[in-house]
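Peer 1: One structure is given below, represented as structure tokens, and several questions about it will come after.
The values are calculated or read from the model by the stated rules, or taken from the named source; none is laboratory data. The structure displayed is predicted, hence computed values, not measured ones. Neighbour counts run over all protein chains shown; Cβ positions are idealised from the backbone, glycine included. Protein only, heavy atoms only, side chains kept; ligands, DNA and RNA dropped before computing areas. Shrake-Rupley method; radii C 1.70, N 1.55, O 1.52, S 1.80 Å.
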Amino acid sequence: MRIKTRFTIHLALGLILWMLGTGVLVVIILEGLLPLLGIHVSLDDEGLFVGWIFGASTLLCIVLFGWYFGGPIGFIMAWIHRLSQDNYEQPADLPQIYTRKGKLRMRFRLYQEVLEYLQSLRVKLQANEIERSQIEEAKQEWIAGISHDLKTPLTYIKGYSALLLNEQYEWSKEEAISFIREMDDKGKHMEELIQDLSLVTQLNRADGALPLQKTNQDIVEFTKRVVADISNSPQASSYHLHFQADPPAIYVDFDLKFMQRILQNMMMNSILHNPEHTNIYVQIADTGEHAVIRIKDNGVGMPAHMVEHLFQQYYRGTTTDSTSEGTGLGMAIVYKLVQVHDGTISVESEPSQGTSFTIRLPKKGLSSLGSQGTEEYSWN
């Protein structure tokens with residue numbers, strides 16, 4: 001029953017009871033109580049006396065109506081005020097609006113939906129406040145980590161620069177080239193960090209503007225090339241990469257640069273966070289409306305709390321004291337880049353059971369160009 005209907009019924013019943021009560025009270029007083037007390041009222045004074053009784057009952061009715069209808073409203077307004085002051089705890093007097101059997105008292109039952117919505121809002125705001133605090137804490141840890149990540153290569157660059165500029169030593173050509181190569185590697189690492197920051201800034205803009213250059217390409221062939229490139233990386237030399245596609249060609253609209261970033265981030269994530277000789281499987285399938293890319297491994301897996309926050313910006317999955325090459329932006333970037341491609345990404349993982357990422361992208365064009373069968377490759 002809606003509040004409007006319930007309110008009308010309660011008000012109508014209240015008015016009926018008030019009128020009946022007033023009438024019964026007039027009869028009892030004039031016909032019973034006054035004669036019993038030996039008080040006789042003339043016909044001229046009877047109308048005035050009835051008016052006094054009517055006025056008194058009206059005042060009493062106003063007080064009762066105010067208590068019945070206004071009391072719960074006052075309780076609700078006080079609760080809303082507490083929520084506006086960022087106080088998300090339950091009101092101390094909340095148990096008083098329930099009976100011993102756990103049901104709402106009659107006058108509060110009138111606003112049952114409002115109270116339920118307020119309780120739901122309180123829980124949601126409280127959860128949002130906890131999440132905001134966690135994000136802020138993660139952000140502060142992330143800033144400390146990024147500062148460390150930028151300071152470390154900068155320290156190397158300054159150290160090697162000081163060595164090269166030291167006039168007391170004469171370095172051989174090979175030594176100088178070695179120093180310069182180390183400085184170049186550290187500089188590239190700093191450049192990658194700055195590019196991540198720049199990309200996140202673009203993705204976080206209110207207008208969501210990102211210069212995508214989508215073209216209709218075969219996602220199977222493109223992904224196969226990316227996997228092959230990663231397999232040739234020294235970091236992947238001790239890992240077993242497997243590629244499987246069915247059908248052998250699926251056409252999707254995507255930006256070559258950003259799709260490569262998505263796939264590289266996900267596969268390198270599997271390499272960097274798993275022990276050597278881990279098997280990493282890249283599978284592509286056609287579900288009709290979507291091309292599905294699944295990247296899974298049989299590595300160490302992740303606990304539930306890490307899975308929950310994996311795509312959250314600033315979440316590094318480790319403390320700043322532990323060794324980590326991550327910026328806390330990689331998976332957040334992947335998540336948002338998949339979104340700007342009108343796709344979705346999900347993750348499943350359990351400790352010691354490996355991790356599986358699934359990307360779904362809307363298809364465009366022909367699926368297989370008449371080709372049949374499954375395409376499979378393995379590296380290392």
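Peer 1: Exactly one of (1) open to solvent by 50 Å² or more (accessible area, probe 1.4 Å); (2) part of a helix (DSSP H, G or I); (3) aliphatic (A, V, I, L, M); (4) out of contact with any Ser or Thr (no Cβ under 8 Å at 6 or more places or on another chain) is unmet by residue 25. Its number?
Peer 2: All conditions are met except number (4).
Peer 1: Is the range 102-115 home to any residue that is in contact with a Ser or Thr (Cβ under 7 Å, 6 or more places away or on another chain) and surrounded by 11 or more Cβ atoms within 10 Å (Cβ to Cβ)? Steps first, please.
Peer 2: Narrowing the range 102-115 to residues in contact with a Ser or Thr (Cβ under 7 Å, 6 or more places away or on another chain): 105.
Those left that are additionally surrounded by 11 or more Cβ atoms within 10 Å (Cβ to Cβ): 105.
Yes, the range 102-115 contains a residue that is in contact with a Ser or Thr (Cβ under 7 Å, 6 or more places away or on another chain) and surrounded by 11 or more Cβ atoms within 10 Å (Cβ to Cβ).
Peer 1: From 94, 59, which residue is among the aliphatic types (A, V, I, L, M), free of Cβ contacts under 8 Å to residues at least 24 places away in the same chain and over 26 Å from residue 15 (Cα atoms)? Spell out how you get there, then give the answer.
Peer 2: Working: 59 fails: over 26 Å from residue 15 (Cα atoms).
Exactly one residue qualifies, and that residue is 94.
Peer 1: Moving on to the next point. Give the residue that is most open to solvent (accessible area, probe 1.4 Å), with candidates limited to residues of the range 243-260 that are among the charged types (D, E, K, R) and not in a helix (DSSP H, G or I).
Peer 2: Our first condition is that a residue be among the charged types (D, E, K, R); within the range 243-260, this holds for 246, 253, 255, 257.
When the remaining residues are screened for being not in a helix (DSSP H, G or I), the result is 246, 253, 255.
Numbers: 246: 78, 253: 51, 255: 9 Å².
Out of the qualifying residues, it is 246.
Peer 1: In this structure, does residue 141 turn out to be in contact (Cβ under 8 Å) with a residue 60 or more places away in the chain, part of a helix (DSSP H, G or I) and under 40 Å from the mean Cα position of the chain (by Cα)? Write out each step before concluding.
Peer 2: Numbers: in contact (Cβ under 8 Å) with a residue 60 or more places away in the chain: yes; part of a helix (DSSP H, G or I): yes; under 40 Å from the mean Cα position of the chain (by Cα): yes.
Yes: the conditions hold for residue 141.
Peer 1: Further question: Take the conditions of a type in the set (Gly, Ala, Ser), at pLDDT 90 or above and within 30 Å of residue 84 (Cα to Cα) and apply them to residue 120. Does it pass?
Peer 2: On the way: of a type in the set (Gly, Ala, Ser): yes; at pLDDT 90 or above: yes; within 30 Å of residue 84 (Cα to Cα): yes.
Considered against the rule, which asks whether it is of a type in the set (Gly, Ala, Ser), at pLDDT 90 or above and within 30 Å of residue 84 (Cα to Cα), residue 120 comes out as yes.
Peer 1: Among all residue pairs at least 6 apart or on different chains, which show Cβ distances below 6 Å where the first residue, located in the range 231-242, is under 16 Å from residue 299 (Cα atoms) and open to solvent by 20 Å² or more (accessible area, probe 1.4 Å) and the second is of a type in the set (Asp, Glu) and in a loop (DSSP other than H, G, I, E, B)?
Peer 2: Going by the 6 Å Cβ cut-off, the qualifying pairs are 238/276.
Peer 1: Here is a follow-up. If the requirement is being open to solvent by less than 30 Å² (accessible area, probe 1.4 Å), at pLDDT 80 or above and in contact with a helix residue (DSSP H, G or I) (Cβ under 7 Å, 6 or more places away or on another chain), which of these qualifies: 200, 226? Step through it out loud before you land on a result.
Peer 2: On the way: 200 fails: at pLDDT 80 or above.
The match here is 226.
Peer 1: Right, another one. Within the range 278-314, which residues are touching a strand residue (DSSP E or B) at 6+ places or on another chain (Cβ under 7 Å), in a loop (DSSP other than H, G, I, E, B) and open to solvent by 60 Å² or more (accessible area, probe 1.4 Å)?
Peer 2: If the condition is that a residue be touching a strand residue (DSSP E or B) at 6+ places or on another chain (Cβ under 7 Å), in a loop (DSSP other than H, G, I, E, B) and open to solvent by 60 Å² or more (accessible area, probe 1.4 Å), then 289, 298 are the ones that fit.
Peer 1: Output yes when any residue across the range 68-86 is at pLDDT 80 or above and not in a helix (DSSP H, G or I), and no when none is. Steps first, answer last, please.
Peer 2: Step one: filter the range 68-86 for residues at pLDDT 80 or above, giving 68-86.
Of the ones still in play, those that are also not in a helix (DSSP H, G or I) are 85-86.
Yes - at least one qualifying residue is present in the range 68-86.
Peer 1: For the range 152-211, which positions are farther than 30 Å from residue 333 by Cβ and among the hydroxyl-bearing types (Ser, Thr, Tyr)? Even if it seems obvious, please write down each step before you answer.
Peer 2: Going residue by residue through the range 152-211, those that are farther than 30 Å from residue 333 by Cβ are 159-180.
Selection gives 160, 161, 169, 172, 178.
Peer 1: What about residue 174, is it in a helix (DSSP H, G or I), farther than 16 Å from residue 340 by Cβ and open to solvent by 70 Å² or more (accessible area, probe 1.4 Å)?
Peer 2: yes
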